[in-house]
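The values are calculated or read from the model by the stated rules, or taken from the named source; none is laboratory data. Keep in mind that what you see is a predicted model, and the values were worked out from it rather than measured. Methodologically, a virtual Cβ is constructed for each residue, glycine included, from the backbone with ideal geometry; neighbour enumeration extends over all protein chains shown.
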Amino acid sequence: MNYVYLLRCGDGSLYCGWTTDLEARVEQHSLGRGAKYTRSRLPVKLVWYETYEDRHEALSREWHIKHMNREQKLKLISGAAEGKTVPDRE
């Protein structure tokens, strides 16, 4: 399975990524071993993801999300578009 995901960083910014193991990748980001962008913006929280069978489709979707503006990304998170919003457990 392929996942495209959005993290909310400690500074309020949003980070989009792709992985085949969502739980492990989010843990890497949380421990400061993820992307350079998220390392300096801890803590991070998974706020949204989509699943894909096809790697190419996932990478294409990641590219499109990375080119969205903040408002468009927030619509994804709010459930205004398809995908899974991760409930806030705090």
Members of the range 22-58 found to be touching a strand residue (DSSP E or B) at 6+ places or on another chain (Cβ under 6 Å) and of a type in the set (Lys, Arg), listed by number: ARG25, ARG41, LYS45, ARG55
Looking at (1) free of Cβ contacts under 8 Å to residues at least 12 places away in the same chain; (2) outside any helix (DSSP H, G or I); (3) of a type in the set (Asp, Glu), which is the only condition GLU27 fails? (2)
Going through (1) surrounded by 13 or more Cβ atoms within 10 Å (Cβ to Cβ); (2) within 18 Å of GLY12 (Cβ to Cβ) one by one, GLU62 fails only at (2)
Looking at the range 1-15, which of its residues are among the hydrophobic types (A, V, I, L, M, F, W, C) and surrounded by 20 or more Cβ atoms within 10 Å (Cβ to Cβ)? VAL4, LEU6, LEU7
Of the conditions (1) surrounded by 14 or more Cβ atoms within 10 Å (Cβ to Cβ); (2) out of contact with any helix residue (DSSP H, G or I) (no Cβ under 8 Å at 6 or more places or on another chain), LEU31 fails just one. Which one is it? (1)
Taking the range 59-90 as the region of interest, how many residues are at pLDDT 95 or above, within 13 Å of the chain's Cα centre (by Cα) and among the polar types (S, T, N, Q)? 0
Does GLY12 satisfy being within 17 Å of LYS73 (Cα to Cα), without any contact (Cβ under 8 Å) to a residue 24 or more places away in the chain and assigned to a loop (DSSP other than H, G, I, E, B)? yes
